[in-house]
Amino acid sequence: MLKREVYLATIDEHAMEIAEKYDLDISIVGHAGDGNFHPHIAFDMRNIQETERVNAAIKELFPKFDSIVSRSSDNQSIYIN
């Protein structure tokens, strides 16, 4: 089981790797009290190539996040809508 501080650092590290790989701006916003986090990807939907990179990044980002969170003491799941 991962401690909250460890999984948030791991999530941040993974987000930075994905951001670099797909040349995107990704930030993580979190709740200090409950450990929830929300990744945000800033992009221009009018730019087709950028939108394709965002879609590819999401496919890689969220399964990894879910894997990390499921190993934490909070045991939360990630849902994409």
Q. Summing +1 for each Lys or Arg and -1 for each Asp or Glu, what net charge is found among the other residues whose Cβ lies under 11 Å from the Cβ of Leu61?
A. 0
Q. In nm, what is the difference between 0.36 nm times the number of residues separating Arg46 and Ser67 and their Cα-Cα distance?
A. 4.4 nm
Q. Each residue of segment 42-55 in turn: what ³J(HN,Hα) in whole Hz from Karplus with 6.51, -1.76, 1.60 and θ = phi - 60°, glycine and Pro shown as x?
A. 8, 7, 9, 4, 6, 8, 4, 5, 5, 4, 5, 5, 4, 4
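Values quoted throughout were computed directly from the atomic coordinates according to the rules given, and no laboratory measurement underlies them. Just so we're clear, the structure is a prediction, and the values are computed from it rather than from any experiment. Neighbour counts run over all protein chains shown; Cβ positions are idealised from the backbone, glycine included.
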